[in-house]
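A short worksheet on the structure shown next.
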Amino acid sequence: MKTALAVSKLCLIGANGIGSAQARWVLGHGLTSCGAWTQAHTTNAPERLNMEDWIAGYLSNFNSLTNDPDVPDFLEDEDWDGLIAWIDNYCAAYDAPMTLYLVLA
C-alpha cells in the first residue's frame, strides 16, 4: 500500500511540474515498453536488472531534485520489492504501449 501511495505522490508531483516545464528527452530503459518489462520479469531475463536500475535512478534523481518542504521524501522507508510488484501489476494491466517513463510520470 505504501508503494502505491508513494508512486501516486510521484505522479501528482510530476504532473504539477510538467505543466510549466518544456518537454525533455528520456534515454535508456525509460523507453522500454510495459510488454518488454513484463516479459523480462516473467522470464527472469538479464535485462530485468537494467530496467530496475533505471527505475531506481529515475526515482532517486527525482527525489533528490525535489526541494519543496511540503513534499515528503517519498523514498524514505520505501519497499523496493513492493514498488517492483506495483510496476509488474500496472504493466500487466495496461500492456505494451505504455513505457516505464510514462508509468512513473
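Does the range 37-55 hold any residues that are hydrophobic (A, V, I, L, M, F, W, C) and in contact with a helix residue (DSSP H, G or I) (Cβ under 8 Å, 6 or more places away or on another chain), and which are they?
Trp37, Ala40, Ala45, Met51, Trp54, Ile55
Starting from the range 17-44, take each residue that is farther than 13 Å from Cys91 by Cβ and list its partners that are modelled with pLDDT under 80 and in a helix (DSSP H, G or I), counting only C-beta distances under 6 angstrom and pairs at least six apart or across chains.
Val26/Tyr101; Gly30/Leu100; Gly30/Tyr101
The values are calculated or read from the model by the stated rules, or taken from the named source; none is laboratory data. These numbers were taken from a predicted model, which means no experiment stands behind them. When we count neighbours, we look across all protein chains shown, and the Cβ atoms used for this are built from the backbone with ideal geometry, even at glycine.
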